[in-house]
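This report concerns only the one structure given below.
The values are calculated or read from the model by the stated rules, or taken from the named source; none is laboratory data. Since the structure is predicted, the reported quantities are computational estimates derived from the model, not experimental observations. In this analysis, Cβ positions are derived from the backbone assuming ideal geometry, glycine residues included, and neighbour counts consider all displayed protein chains. Accessible surface areas use protein heavy atoms only, side chains included; no ligands, DNA or RNA. Shrake-Rupley method; radii C 1.70, N 1.55, O 1.52, S 1.80 Å.
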Amino acid sequence: MFQSGHAQAGYVNVCAMKPEAQPNSPPHILVVDDDRQIRAMLARFLHDHGMDVTTAGDGAQMFDAMARETPDLIALDVMLPGENGFALCRRLQGAEQPTPVILLTAMNGETDRVVGLELGADDYIVKPFNPRELLARIRAVLRRTSGMPRSERSNGSPTASRHGHSIPATAA
């Protein structure tokens, strides 16, 4: 199907790898989920909607894929074998240039959503979900983050933008 030479390690790149993102190149999405069927379905759907997609089945495969090509966004399952998605999200946000993250999970409690967002996730979507909703959320996060220097996204604090200036968001 979409399998490349890397399929034995559990991840799939559905498009040819590009060494660096070109100005008008499609967004590169890394889907990390331990369920092979979910990974394949999301890879096909996102690819069919104009995105380059790489998949990984756990955190080790995620970091391996990231070492080869930096994604524009990571769709990250929370309940992974080994290091869970919350811990991985925390590690990603600690990077010099954190990558936007949308958490995917069957855990729908308010506390879980809040924890995920406080750890630096840009969005949180509960399974089962419609792939169109994920696509819309990916596009929204990319719109919000593509023009913002990654250094301004690294602290996990919510911000708003007004006239090109970043403004800390405060609770009402």
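Annotations
- Overall form of the range 56-154 per C-alpha gyration tensor (a/c, 1.5; a/b vs b/c): rounded
- Part-to-part distance (alpha-carbon centres) for the range 100-139 and the range 42-62, which is given in Å: 16 Å
- Whole-number accessible area per residue in Å² for the range 28-90, which is evaluated in the context of all protein chains at 1.4 Å: 38 Å²
- Accessible surface of the range 92-147 [probe 1.4 Å, protein heavy atoms]: carbon and sulfur percent: 47 percent
- Inter-label distance, nm, simple model (7 Å from Cα along the C-beta direction), ALA95/ARG36: 2.7 nm
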